[in-house]
Amino acid sequence: MRVLVVDDEPLARLGVLTRLAAMPDIEIVGECGAGLEAVAAIRQHAPDLVFLDVQMPDVDGFGVLEALAGETLPLVVFLTAYDRFALRAFDIHAVDYLLKPIDDERFAEAVRRARAAMMLRDGDAWQQRLLDMLAERNGVAPRHAERFAIRTGSRVAFVAAAEIDWIEAMGDYAGLHVADKTHLLREPLHTLVNRLDPRCFLRVHRSAIVRLDRVAELRTLPNRDGELQLKDGTRLRVSRSYSDALRKALAG
């Protein structure tokens with residue numbers, strides 16, 4: 001895995017480089033102490049992974065990514081002194097972060113996550129989450145996903161959002177139900193829901209999202225939960241915490 005390290009603090013940069021040097025599968029392609037330098041280095045070296053400091057004097061970490069918008073982005077692990085509350089945005093968009101001072105165990109976990117993303121070839125999803133995060137930071141509504149890449153071995157199939165009937169949580173995966181087929185997308189439901197158009201899709205249970213125009217019937221159960229039936233006959237449980245929102249959405 002080809003790695004670039006970007007941090008304006010020499011000691012912090014050295015700490016990351018020292019840890020990486022002990023990992024035999026890591027190739028360090030460069031180090032940068034400033035944002036503009038990092039933009040040039042990413043374009044030159046095309047690293048798989050960048051350890052990127054959030055706060056830098058010339059261009060910050062977000063500015064580095066914004067400068068590369070429209071280009072292929074690497075996987076990113078943010079380096080930051082922000083407190084854990086400010087880091088929620090990073091978690092939502094599934095890009096990892098390391099809080100300074102860096103903990104060895106967390107560092108190893110961040111590298112493991114990056115390796116897993118590369119092995120499973122889900123870099124496209126990581127890139128879209130980065131772009132969504134940048135859009136939210138700039139006050140722009142993130143673009144809703146119009147299609148999803150389903151990777152099976154060396155093959156990639158594309159599923160249009162408009163074709164999906166409902167989506168099922170399957171651990172770290174989501175099952176996209178399209179007619180009589182189920183496509184496995186390597187993305188958990190809690191992050192996928194943020195990429196769907198809320199005018200078309202709604203979560204009805206912790207383990208299910210439905211496309212609203214596929215709902216044929218909704219009824220209330222004795223325990224105040226609900227049950228909906230899709231046009232293809234599929235029946236799904238509706239948690240009471242989601243039932244009011246579903247009724248309002250269906251009422252238009």
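The values are calculated or read from the model by the stated rules, or taken from the named source; none is laboratory data. Computed from a predicted model, the values in this text were never measured in an experiment. Here the Cβ is made from the backbone with ideal geometry for all residues, glycine too, and neighbour counts use every protein chain on show.
General observations
- Some residue of segment 31-54 being of a type in the set (G, A, S), modelled with pLDDT under 90 and out of contact with any Cys (no Cβ under 6 Å at 6 or more places or on another chain): no
- Evaluation of L14 against the conditions (1) surrounded by 16 or more Cβ atoms within 10 Å (Cβ to Cβ); (2) of a type in the set (A, V, I, L, M); (3) at pLDDT 95 or above shows that the sole unmet condition is (1).
Matching residues to (1) on the phi > 0 side of the Ramachandran plot; (2) in contact with a Lys or Arg (Cβ under 7 Å, 6 or more places away or on another chain):
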| position | (1), (2) |
| --- | --- |
| A145 | no, yes |
| V156 | no, no |
| V159 | no, yes |
| A162 | no, no |
| W166 | no, yes |
| R203 | no, no |
| G233 | yes, no |
| R237 | no, no |
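- The C-beta contact set for segment 189-216 (first residue touching a residue at least 12 places away in the same chain (Cβ under 8 Å) and over 11 Å from A169 (Cα atoms), second residue among the polar types (S, T, N, Q) and assigned to a strand (DSSP E or B), distance under 8 angstrom, 6+ apart or interchain) comprises V215/Q229; A216/Q229.
- Looking at segment 1-57, the strands (runs of 3 or more DSSP E) lying wholly inside it that each contain 1 or more residues that are among the aromatic types (F, W, Y) sit at 49-53.
Residue-by-condition table, conditions (1) in contact with a Pro (Cβ under 9 Å, 6 or more places away or on another chain); (2) aliphatic (A, V, I, L, M); (3) surrounded by fewer than 16 Cβ atoms within 10 Å (Cβ to Cβ); (4) closer than 22 Å to A116 by Cβ:
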| position | (1), (2), (3), (4) |
| --- | --- |
| T152 | no, no, yes, yes |
| A174 | yes, yes, no, yes |
| K181 | no, no, yes, no |
| P188 | no, no, yes, yes |
| T220 | no, no, yes, no |
| D232 | no, no, yes, no |
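- Selection over segment 144-195 of residues that are small (G, A, S) and touching a helix residue (DSSP H, G or I) at 6+ places or on another chain (Cβ under 6 Å) gives a count of 4.
- The set of residues from segment 238-248 being farther than 11 Å from V210 by Cβ and either more than 26 Å from the chain's Cα centre (by Cα) or not polar (S, T, N, Q) (or both) comprises R240, S243, D244, A245, R247, K248.
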